[in-house]
Structure formats: structure tokens, C-alpha cells
Amino acid sequence: EALRFGLNWLPQAEMCGFYQAQASGLYQEAGLDVELVPGGPDRNIPLQVAAGDLQLGMGSSFTTLNMVQQGIPARTVAAFLQKDPQTLVAHAGQGVETLEDLKGRPIMVAKFSQAEFWQFLKQRYGFSDSQLRPYAYSSVPFLADPKAVQQGYITEDAHLLGKELKEPPVSILLADYGYDNYATTVFALDSYIDAQRDAVARFVAASRQGWSECARGDYAAAMQATLAANPEHGEALYHFKMKQMRERGLIDSGDAAVQGPGAMSDARWKGFFETMSAAGVYRPDLDYRRAYTLEFANSGAAVATQER
Amino acid sequence: MLMHTLSVDTARPAPGAPCEAALPVLLANQVEKTYPNGTQALQRLKLSIERGEFVSLLGPSGCGKSTLLKMFAGLESPSAGHVRWWGKGSLDTDQPGQRMAMVFQEATLMPWARVADNARLPLDLAGVPKAEGNARVQAALELVGLGKFGGVYPRELSGGMQMRASIARALAVQPNLLLMDEPFGALDEFTRNRLDSDLRDLWRSRDLTVVFVTHSIYEAVFLSSRVVVMGARPGRVLADVAIEGPEVRDEAFRTSAPFIEQCARLSALLAEANADSAH
Amino acid sequence: MLMHTLSVDTARPAPGAPCEAALPVLLANQVEKTYPNGTQALQRLKLSIERGEFVSLLGPSGCGKSTLLKMFAGLESPSAGHVRWWGKGSLDTDQPGQRMAMVFQEATLMPWARVADNARLPLDLAGVPKAEGNARVQAALELVGLGKFGGVYPRELSGGMQMRASIARALAVQPNLLLMDEPFGALDEFTRNRLDSDLRDLWRSRDLTVVFVTHSIYEAVFLSSRVVVMGARPGRVLADVAIEGPEVRDEAFRTSAPFIEQCARLSALLAEANADSAH
Amino acid sequence: MENSARPLLADPRFQRIAAPLFVGLVLLALWQLLCVTLKVPTYLVPTPLDIGRTLVADGPMLFAALLVTLKITFLSFALAVLLGVIAAFLFVQSRVIEASLFPYAILLQVTPVVAVAPLIIIWVSNTTLALTICATLVAIFPIISNTVLGLRSVNPGLLNLFRLNRASRWQTLLRLRIPSALPYFFGGLRIASGLALIGAVVAEFVAGTGGTGAGLAYQILQAGFQLNIPRLFAALFLIALTGVLLFSLMAALARVSLGHWHESEQG
Amino acid sequence: MENSARPLLADPRFQRIAAPLFVGLVLLALWQLLCVTLKVPTYLVPTPLDIGRTLVADGPMLFAALLVTLKITFLSFALAVLLGVIAAFLFVQSRVIEASLFPYAILLQVTPVVAVAPLIIIWVSNTTLALTICATLVAIFPIISNTVLGLRSVNPGLLNLFRLNRASRWQTLLRLRIPSALPYFFGGLRIASGLALIGAVVAEFVAGTGGTGAGLAYQILQAGFQLNIPRLFAALFLIALTGVLLFSLMAALARVSLGHWHESEQG
Ligand SMILES: Nc1ncnc2c1ncn2[C@@H]1O[C@H](COP(=O)(O)OP(=O)(O)OP(=O)(O)O)[C@@H](O)[C@H]1O
Ligand SMILES: Nc1ncnc2c1ncn2[C@@H]1O[C@H](COP(=O)(O)OP(=O)(O)OP(=O)(O)O)[C@@H](O)[C@H]1O
Ligand SMILES: [Mg+2]
Ligand SMILES: [Mg+2]
């Protein structure tokens, strides 16, 4: 079974489980011929999936909600990061400790995120658009201004920004403040799922296995494959990211703690949808249940493979 | 020898021989030309030029000579009236015996091409084989005294040399109808006289009709079988004078009494034309 | 009246009056010119032109007349030898009494400017007040018969009219040194004769030195106090002939015996020059 | 053969407007037909009707965004013309100046906006200004390049005339080089007007703040993220329309300035 | 005043190379000095020495990336020239064709690559081809615009000469319009060469996959994310150098083709 899985960024540690499954032959064992297609800054993975160029894509809770809202039947079949690594970063010693401290401050936010976590912050914490400052794909403006706040990722903030700063920066993980977006999800068109139910199931199962190994710290194979595909990533950063993911329980907290990596729950989807529709991102009458299925990631079989 | 290379065409018909029901080579019938800015360059002009004639146009500066010549070349269309070529309403120079060439008032050379390439242009456009074209071009260049200048670019020539290059370009065509707009104005009298003689010889030896614009009365009388005097503002024909003279004209003719007499007569007509347009 | 507007300058010095230690207005000393492509246009040319002279250059096409004139205008620098203006090694036309103007062999008009604006250019560049400039330009345009054409664009003029516009541009400067490169070549004989007379009158009435290139021997004799005959390849002075004639020259002079005699003499010299360059 | 009572269809002014509209209509019809018969899904390529509906429905929002983008476009275009022309004037003063500085003008063109935007953001806190600078960087080079070319393409005879009359550098520039350069300059304007527009969009992509006061680039990005492809195309349509209008404006300017003398505007 | 044994310093060919190098050295020295005295942190603006060191240290990697970018640049430049010239030939056949189609050529210029790249990627699976198409879109318009302008800027006297000799459309194009258009065409090339380069970089940003076979854009992107600013500047330097070399190549081409007759290449 040949299958193209579109990653939403250049190969990096946040995709550990997939590379692990690929490199250690889990996909092959499952009878799948998986190609991990690297993404880039402005690639539109959902569009490529919708067009059939890719069979599976990597996204977040937003992805399939957007698709369903636009009348493209697609579902999230697994979510491998229970906590979105999204952070807001500030310099140390600027009086920033909690999310509330950032209210009213200028924040550099990528446009990509403005329809996502920014809407959550506006809705839940009363942030306003007047705080927005441009984020030009670079942290240099942040470094240059001690008062600056920018978006970041818990997996890399301290490592990347820290080396240029005297004190490590303050990272506020939005997931800790009720931002329950699933990250590193796997999604596909309904039509594909219906036609290739078995292949999807095997892909999710093998990926769960890969992610379980990553969560345990067995990620050597994944790292090697990732660095081969993206030499600029660097080994040190990879280790740092893995450490962060494991320490912060990004992979195996929440539903995954019980049901294994990739698991999701109706309640969390409902809560997330209600928050975002209240923020005006989605029509309140949108049937959010059509944006995911628990059929694959929450199956008992998956838990069993985890304990192979 | 040069003359020979440039006159391989059929010899000119015996004068008076009935040719193609004697249709004029050129006929301008009640032609008017008003330029977009409102200048009326020609007014109800009527002129017929028979095969084998050598007609010179004389007239004050700005009287419409170039306009008329361009109309004869098919480059301007009349605002009223019409022009006929060999009896037809449009030019078809592919027809044998109906080849046309023109020397413009400016040299009009392509700055990017060498002199020989400039002169060969009409031949290239007509698909004349390279070897034959080169021979004809070289002959024409030598005729105008530029035999050694085929390889230089136009901007390396003096004004008179540029004009001669453009004359060579027209001669290389071996035309049956040759329109020349002040071709020898920028040449010294010596060269001019020589080219006058050469042109007259060429005309005599071939089936060639020439319409020649000049400001030199002497040149007009020396060359022409007929001189048309034009008046200005608006341009029109004031006088149409047949020139008496021997078939073969040489330096002796230039100093003969009939020559001087006819020059004087044209001079008077021209003075009238000038007075007329200055009124 | 026209003449008056164009000759407000100081009257010309009495002939023979000692002026500025009698330094020549123009001096070409052993001047050579070899163009980058190797053509030797001038060879060891020596020529001195005194204040108040009217010198014509005659010579076969391509003998270096334009090159020499451009050198006199400071537009070409000699490859060897040197040129002096009023005894100095460089031109300084801001000096009173040392204004220069030139008529090029081509009309050289700015296509984007109307005729009057074209003619006013040198005055504008010299900072002449608008009103005075306009008056001088209008007078000059009327002198050349373009009084009604100040408002049109160059491309709406005939070839001869363009040339006259460029003559008007030079005359409006009221120069003390006037360099003219075949200015009247594209004009009918009537207009040409009139402008010849006008130019001669202008020259007589002002402190004006003229260097005049022409192909017309008659014109050269009629106008000049001196005629220089040049030979070609390489360009050099073959003869330097003082012209005898009355101070005031009119149509009668054109038919006088001395006139015809001098023309014949120059014609012979010119034929020599041509034979010389054709050898 | 001229005819003063020319029929409307043969009038060049009419043609200039009607012909592209006609071609446009044909293309749109074809597009609609293809989409419908091949059942192309809307999220892949929307039909012109879909786009039209979106244009109407999202009109106010898109139009507001367009105005923001237009502001940057005009500011940067004006700046590019001003600075570009000054640079060209400078370069044309001597071959040595040109040789020394032209390579550094090329830097302006070949440096990706993405790479310099972060630095610009640091130095310029005003977003409009930052965006204008970015877009100017994109638009300026064709102006410099074409203007220099034009200022050099001077009839040598006229140059002699000016030298003869002891014209100062400044006079030669003003009265000879500038008029001679106009055809090239307008060619540069035609290219730069489009680049200023695209520069404004790119600058917004990279350095825009987004949010409420954002321009068309933001709308395009968000529509892309949210797979609202009809809106994306509607925004693209507005940009294209602006580009065509800008171009026509430049062409009209060239016609007015050159029509009476330069051959490029004849016939 | 010419001198055959001209001293080296006055030789224009020498000046053309030495002058910009000299200016460059002065600017680099100034930059170094400013960075050192003002203690500008490396992550903000690295010193030229830092950049040089990085260039040496990361040389093989950067050079490999440069080759990838160059490939796209050349492919798209060639394609832009080919298609642009064909389009220009077409447009110049009649004012109606030009009026009908020129607005659609403008679309090529004003459509942001970022917006169309996702669609192109879907239709064209070969990455090199997809990148080439994107970069071609960026580079083609100046070629079309300048070439059309040039093909129209024909001496009316020469046009008469060709009409007189019953030259076919094709002959007129080949022997009159094309030579007349060359100065404008080379002007277009000068602009387009830089745009092809920047187009290749932008296309890689937008549509590239990154990884081992990736070009300079990937290096810039990654260096930016990882705050390896010296490497970012080293990559930018390589792009700038390529741009200048491309430009010089076009200028040399123009000099060879036009030097013997066109005034823009004289003096
Ligand atoms: N393109 C044009 N637009 C407007 N008027 C023009 C145009 N060409 C010529 N004219 C006008 O038409 C008249 C005749 O011009 P034409 O060139 O035919 O004169 P010509 O007899 O050849 O003069 P010359 O002996 O000076 O060459 C002139 O008054 C001129 O101003
Ligand atoms: N720019 C140039 N480059 C090379 N050779 C040139 C250049 N200009 C003129 N020449 C050559 O120099 C010689 C003299 O040219 P010049 O223009 O001075 O002649 P002229 O006496 O004015 O001729 P005419 O009466 O035809 O105008 C000619 O042989 C010409 O070919
Ligand atoms: Mg004429
Ligand atoms: Mg000359």
C-alpha cells in the first residue's frame, strides 16, 4: 500500500514518531509503503490532501474543522501531541510570569497563528488586535528588544533564544492555560478513510508504536532519519526537543496517558470547538463531530501494540 | 563594367513603341493630402508619368515634393483622389518590369548594419541569392565611390557618403521605377556631375522610369525629359515643361545655348512659384 | 527689420583696424585626426582664420570638412597638433565678442520640442531672458521663412524646413563665430540665393567670422572672402584662394565676369582635388 | 483611406478597452464551463461565479483590505520613482560612478525581502513605513536600470549641440537626457508599478501585523489557511485588477507624454 | 587628447572592475568598524569577518545550495526570455492583440507567488519544475514589457524603407524590429536576470521541500530559525554576488551586441 503523508514543516523532532516508525520498519511491517513528504513555510497541506496529492496530512484540531467548515469532508484520525507546544516568550526580568501579564503588551504573532491561538487569547483572556506586531519568520527583532514578546514553541525556545540571552527566556505554554488544540495530528479525506479503512488503521497503529518509542526515549533511529532529511536541524536541538516533549508530557498526557499516543476524546473536541466558535472562528452550528473520528487512535489494539 | 552589372535588365523599349496599351507608369489623379495636424500638403494634384520618362520635380522647400514622392512609393495614402501604378490601384512590385526603388531625402541606413549589408537589404528582402546580391551591391557601391567602404558602419561615414550608400542601395535593386528625393544634394559638384551622367546613362540603357526631386535647375535640365514645377501652400503643379536636348548628354550640353535658355526659363518659373507661396 | 533684430551687436570693426594684437579667430596648427577605426580624416592641416573673414571650405565628399568644422567647434579633439580660438587653447564663449554658433550637416532638432523651442535652446542655455529670446527666435524664424511654423514639431516639417529651423537656431544666437556645415544644401535655389544674400548682409553688418562648408562653387564665391579647397584621403588643404569682389554683392555680381572666372578656377581646383582622391 | 466618421469598432480608444474585456469574458466563460463540466471542486479552483459571489459577499472586508494594500503600493511606488530617478541621475554623471555604485543597486533587487524584513522591523517601528520600505526595495531597480539606460540613449548629434552651447551638466540632464530617457523611463514605470503592488503584498506577507487593519496579503494568507479558496481568488482578482489599472495608468501617462513625438506611441 | 598608452587607472575596462571592488572594500571596512565600535551583537548584524569565516567554514554546504538555486535561476531565466520574447512578438503584431492580451501578461507579474505556489505544487509534482514555473512568473514581465516597447520604437524612416520593399511581417520583425529592440531588450534582461534569481529564492521559500537537495533559500530559512545569523548573511552574500555577476554578464552581452552602433553603450 503506497501512501504519501504530508508533514506540515521541515523534518524535525516534533515528528519523531513518524520517522521512528519509518526508520525502524514499522510501516513496512504493517504492509505500508509510506513516503514522508516534508513541508515548508507556505505549503498548504490541507489543500494537497483535498486535491488527492497526499493521502494523509499532518495538522492540528484546526485543520479538519477548517476543512469541514469549507465543505471538504475530512477527519482527524489521531493526535500525537496532546499539548500544543505553542508558547508566548518574553525576556527574563521583564515582569512576565503568567499569561495574564502579557495582556496589553505588543506581541509578535505570525499570520498563520492569528486565526488560531490568537483568537483563543482574544476570546478567553481579552487580548486585542492592537497588540499584534509583525513576526517576520525571524527571532532577531525579539532578541533586539528586551521588552519584546513573541510566539514560540516550548520545544525550542530556551535552546534557540537562550544561547543569545544572558538568562533563559520565560516561555508560557498556552496548553497550560486551557488552549486544548491537538497538535501533530493525522488527517485524511472521508472518502479516503472509507475506501482504505484498513490502511489508515495500520498507519495509525504503526505511528502509535513509533510515538510510544519516542516517548520512552528510543528515538535514535528517528533522529538519524530526520537529520538525514534536514541536516540543518542539528543533533543538539533534537535532543533538547525530545527532552522538552517528554518532560512536559506533550506526547503521553491527557487521553494518551490512558489510551496510548494519538488518542483523542469527544469532550476535548467539543470544548475546543465551543471556545473557537465563540471566538468567531467557526459557525456555531458547524457539526464539529464530522472533523474527527476516534475509531483508529482509541482502539484497544493500539494499546496492545504499545506494550509490544 | 559597372554600368553593365547594373543594367543587365532588358533594354529600354524603342521610344514610341506601343507598350501595355500605353498605360502611364504613375498617375496621380486629383490627389490631395492633408496631414493630421491640418497642414494641406497637396491640393487636387494631377500628374501622369509615362514609361521611360525622366521627370524632375522642382519647387520651393515645403511644397510637397517629398509627400508626392512618398505617395508614389505607396508610403502615404492620399486624403482624396487616387494614385495608379501601371494602371492598377495598388503596387505589385513582384511583377517583372515593375520593380521599384526609392532614395529618401535622408540616408535612412540601419545603424547596426555595415554599409554593404545596408545596400543589400532590398535584395535580401526580395530573396535574391547572396552571391548575385553581393556582386550587384559591390557594383553599386563602386558606382557611387564607396567600393572600399562596404565593411564600415554608417556612423563612420560622412554625410555625403551616407547619402551615396543609400543611392547604392536603390541602384542595386535594378529598378524599373526609381524615385529619388534630392539624392545628390549633399555631394560636391564634381561627384554630382559624374553621378548625373551615370544616372542618365543607366536610364537610357534600361527600361527605367525616374521621378527625381532636386533643387538644382541645372541638374533637372541636364537629366530630365520633363520638369514639373510645383508651388507651395498648398502644393500643386504650376508648370509642366518638356526638356529639349540630345539623347546623349555630356558636358558640352551643359554649356549649350538651349541648356542655358531652359535653365533660365525654369528659374523664372521657380521664382514665380516662390513669390506665389510667399504671398 | 529682421536683419536689424539679428544684428544688434557691435558693428564689425573697420577692415584693417588692429584688433586684439590681430590674433586669428581660429587657428588649426598641424592638426591630424585619426578616428578609432583607423580612418585618417585630416593630415597635418594648417589653417588660420582672421577676425571678420568669411571662409568657405570646398572639397569632395568625405574629405574631412565636417571633421574640421567640429574641431573648430570644440566637439572633436585632434589626434595631433592643436586648435586655438582667439589665441587661446580652449573655447570660452561666455566672453563678449566670442559667441559661437554652429549649423550641423543634419538638422539635429529635438523631436520633443516645438520649432520655436528648438530654436530658442541656445538662448535658454545661455540664460537669455524669455522675452528677448522669443523676439530673437521669431526674427530668425522669419528670416528663414518659418515665421508661421514656430508651433509645430520637427517631424511635421519637410527636410528643407528642418534645416532652416536649425539655421534659425544658430542665427538667433547672434554669434561672432558662425560655423555652417552645408546649411543651404537642401533648399531650392531661390530660397538659397535669398539666404546667401541675407547671410552676407548679416556678416557685413556685424562682428562676425564665418566658416562655411558648401558644395556649391557659386555659393562659395558669392559669399566668401576666401575659399579653402580640401583634398581627400587624407583630408588636407589643397588651395587657399582669396576671392575678389565688391563689398556689397548682389545678383549682378553673380553674372559678372570676375565671378564666373573665379568659379571656373575653383572648379578646376576641385576637379584636381577629386582626381587626387580617386587615384 | 482615413475616415473621419470612423465606426466605433475601429476606434483605437474603443478597442483598447473593449478588446481586453471581450477576451476576459471569453476566458471567464471558458473557465466556468471547464469547472462545471469537469466538476472541479471549489476548494481546488473555484468557478468565476463562486468568486463573484464571494466578491459581493465579502466585498466590504476585501475592499478595506485593498485600500490598505493600495496605500503601501502608492507610497512605495512614489518612493521608488523618486529614489530610483535620483540614483539614475547620479549614475549617469560618470562611468566610474556608475561602475562603482550600480552593483550595489543590484543588491536592492536580489536581496529577498524575507531576509531583510526582520532588520527593517527592528529599526522602523511604524508598520506602514516598514512595509513601504520593503515594497520600495522590490520596485526600485527597474526604475534605476531603465532610467540609466534611457539617460544614456541620447542622440549623439543633440549631445554635440548641447556641448557646443556649453550646457551645464544640469542643463543637459534637464533638457536633453531627461526627454530622451522618457520612453525608457515609462517602460520602467510600467514594470515598477506592478512590482510596487506585488512588493506591497509580499511585504505584508512577511512584515505585516495582520489583525484588523491588515491588507490583502493577510486576507490571502488566512483564506489559504482556512481553505476558503473562493475568497483567496477574490483577493487575487482584486490585486490583478489593481495591477491592470496601474499599468493602464502608466501606459496612458506614456501616451500623453510621448504621443506627439516618440515612435513607440505611434500607429 | 587620446592616448594609446593609456595608464591602467584610466582604462575603462579596468575601472569597471576595480571601482566597485574598491567601493565594496571601503563599505566592508566601514561595516566592520561600526560593528566593532558599536558592539553590535552578532545575531543582529554580523561583522564582515564573521561572515567571511562562515563562508569558509560552511563553504561546501553553501556552495552546494547555491548550485541548486542557480539551476532554478538559469532554467527560469531561459524560460522567461523565451516565452517573454514570443509574447512580445505576438503583441507587436497589432494594437488589438496587444490591447487584448497585455492585461493578462500583467497578471503574471502581480499574482503573488505565495498565493499560486500551493496550486502549482498540486499540478506539477516535479519540484524543480514547480520552482522553475514560480520563478519564471516572477521574471517574465520585464522581458515582455521592455521587448514590446523596443519592438515599437522603430525609426519611422526605416519602417518606410521596409514597407517600400514589401518586407513581410516576419522580415520586418527579424531585420528591423528585433535589432531596433535590442537596447530595450537588454534593459529587460538586466532586470529579469535579477528577478529570476530572487524568484528562484522566493519559490524555494514557498514551494521548496528543504532537506538535502535544497537551495540557498532553505539555508536562509534554517539559519534564520536557528539564529545562525552569520550563515544567513553568508547565504545572502552569495545571492548578492550571483546577482551582480548575472547583471555584469547581461551588461557585457549588451556591450558586445550594441557597442558598435548604439549610443547607450558609448562614452
Ligand atoms: N508628418 C507631417 N505632419 C504634418 N505636416 C507635414 C508632415 N510632413 C510634411 N508636412 C508638411 O507638408 C508640407 C510638404 O512637406 P514635404 O516634405 O512634402 O515638402 P518638400 O517639398 O519635400 O520640401 P523640402 O524641399 O524641404 O524637402 C510641408 O509644409 C510640411 O510642413
Ligand atoms: N565617427 C567616425 N568614425 C570613423 N570614421 C569617420 C567618422 N566620422 C567620419 N569619418 C570618416 O572621416 C572622413 C571625413 O569625414 P567628414 O564627415 O569630415 O567628411 P566631409 O568632408 O564632411 O564629407 P561630406 O561632404 O560627405 O559631408 C570620411 O572618410 C569618413 O568616413
Ligand atoms: Mg522633401
Ligand atoms: Mg560633412
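Each value in this text was obtained by applying a stated rule to the coordinates, not by laboratory testing. Since we're looking at a predicted model, the values are computed, not measured. Cβ placement follows ideal geometry from the backbone for every residue including glycine, while neighbour counts extend to all protein chains displayed.
Distance to the C-onto-B rotation axis is smallest for one chain C Cβ; residue and value in angstrom are C:Gly185, 2. Each residue of the range E:34-50 was assigned a 3J(HN,Hα) from its phi angle through the Karplus curve 6.51 cos²θ - 1.76 cosθ + 1.60 (θ = phi - 60°); the sequence is 4, 4, 6, 6, 7, 6, 5, x, 4, 5, 8, 9, x, 6, x, 5, 3 Hz, with glycine and proline shown as x. Diffusion coefficient of the range D:197-267 by Stokes-Einstein, Kirkwood radius over Cα pairs, 37 °C, 0.692 mPa s: 232 µm²/s. Angle of helix D:95-110 to the longest C-alpha principal axis of chain D, folded into 0 to 90 degrees and rounded to 10: 0°. Take every Cα pair under 8 Å whose residues are at least 6 apart in sequence, average their separation, divide by the length of chain B, and the relative contact order is 26 percent. Legend: ranking of residues C:Leu178, B:Leu23 from fewest to most surrounding C-beta atoms inside 10 Å; resulting order B:Leu23, C:Leu178. Straight-distance candidates among the lysines for linking to A:Lys83, with alpha-carbon spacing under 24 Å and chain neighbours fewer than 8 residues away dropped: A:Lys103, A:Lys111, A:Lys122, A:Lys241, A:Lys243, A:Lys270.
Relative contact order for chain A: 31 percent, from Cα pairs under 8 Å spaced at least 6 residues apart, divided by residue count.
In this assembly of identical copies, the label point of D:Gln32 (Cα plus 7 Å along Cα-to-Cβ) is separated from its counterparts by 6.7 nm, sorted shortest first.
Write down the Kirkwood hydrodynamic radius of the range B:100-174, to one decimal in angstroms, obtained as one divided by the mean of 1/r over all alpha carbon pairs. List each step's numbers first, then the result.
Working: mean 1/r = 0.0851 Å⁻¹.
One decimal place: 11.8 Å for the Kirkwood radius.
Note: the range E:9-116, Cα convex hull, 227 Å³ per residue. For B:Lys33, the lysines whose Cα falls under 28 Å of its own Cα, not counting residues fewer than eight places away in the same chain, are B:Lys46, B:Lys65, B:Lys70, B:Lys88, C:Lys148. Rounded to the nearest 10 degrees, the angle from helix C:115-125 to the longest Cα principal axis of chain C is 80 degrees. Ordered by the count of other Cβ atoms within 10 Å of each Cβ, fewest first, C:Tyr218, E:Tyr184 give C:Tyr218, E:Tyr184. Semi-axis lengths, largest first, of the ellipsoid equivalent to chain C are 28, 22, 20 Å, with √(5λ) applied to each eigenvalue of the Cα gyration tensor.
Scalar couplings 3J(HN,Hα) for the range D:143-150, obtained by applying the Karplus form with A = 6.51, B = -1.76, C = 1.60 to θ = phi - 60°, are 5, 4, 4, 5, 5, 4, 4, x Hz; x denotes Gly and Pro. If a spin label sat at a point 7 angstrom from the Cα of A:Glu35 along the line to its beta carbon, no backbone N atom of the range D:42-58 would be nearer than 16 Å. Take C:Pro258, push a point 7 Å out from Cα through the beta-carbon direction, and compare it with the same point in every other copy: 3.7 nm, smallest first.
If R0 is 41 Å, the Cβ-Cβ spacing of B:Ala257 and C:Gln98 corresponds to a FRET efficiency of close to 0.20. With its label point defined 7 Å out from Cα along the Cα-to-Cβ axis, C:Glu244 lies at 3.7 nm from the matching points of the other copies, in increasing order.
The smallest convex shape that holds all Cα atoms of the range C:214-279, its convex hull, gives 71 Å³ per residue. Value of Rg to Rh for the protein assembly as shown, rounded to two decimals, is 1.10; Kirkwood radius and Rg both from alpha-carbon coordinates.
For E:Val26 and C:Ser77, the FRET efficiency from 1/(1 + (r/R0)^6), where r spans their Cβ atoms and R0 equals 25 Å, is about 0.15.
Just want to confirm a number: the relative contact order over the range D:60-265, from Cα pairs under 8 angstrom separated by 6+ residues, in percent. Here the relative contact order equals 28 percent.
Straight-distance candidates among the lysines for linking to A:Lys166, with alpha-carbon spacing under 20 Å and chain neighbours fewer than 8 residues away dropped: A:Lys147, E:Lys39. Altogether, the Stokes-Einstein calculation at 4 °C and 1.567 mPa s, with the Kirkwood radius of the range C:61-111 over Cα pairs as Rh, returns a diffusion coefficient of 103 µm²/s.
Would you pull out the residues with amide H under 5 Å of C:Arg51's amide H, same chain only if 5 or more places away, H placed 1.01 Å from N? Excluding prolines and chain starts, which carry no amide H, the hits are C:Val25. In terms of surrounding Cβ atoms within a 10 Å radius of their Cβ, B:Leu45, E:Leu119 rank from fewest to most as E:Leu119, B:Leu45. Is the range C:138-279 rounded, prolate or oblate when judged by the Cα gyration tensor, a ≥ b ≥ c being the square roots of its eigenvalues, rounded requiring a/c under 1.5 and prolate requiring a/b larger than b/c? Prolate. Computed across the range D:60-265, the Kirkwood radius stands at 18.4 Å (inverse of mean 1/r, all Cα pairs).
In chain C, the DSSP-assigned H stretches of four residues or longer account for a calculated mean residue ellipticity at 222 nm of -11000 deg cm²/dmol, using -39500 (n - 2.57) per stretch and the full residue count as denominator. Counting only complete DSSP H runs, which helices of chain A cover 20 Å or more along their long axis at the Cα atoms and score a mean Kyte-Doolittle of -0.5 or above? What comes out of the filter, once short or polar helices are dropped, is A:197-216.
Phi angles across the range B:30-43 convert, under the Karplus curve 6.51 cos²θ - 1.76 cosθ + 1.60 with θ = phi - 60°, into 3J(HN,Hα) values of 6, 7, 10, 9, 10, 6, x, 7, x, 5, 8, 8, 9, 10 Hz, Gly and Pro given as x.
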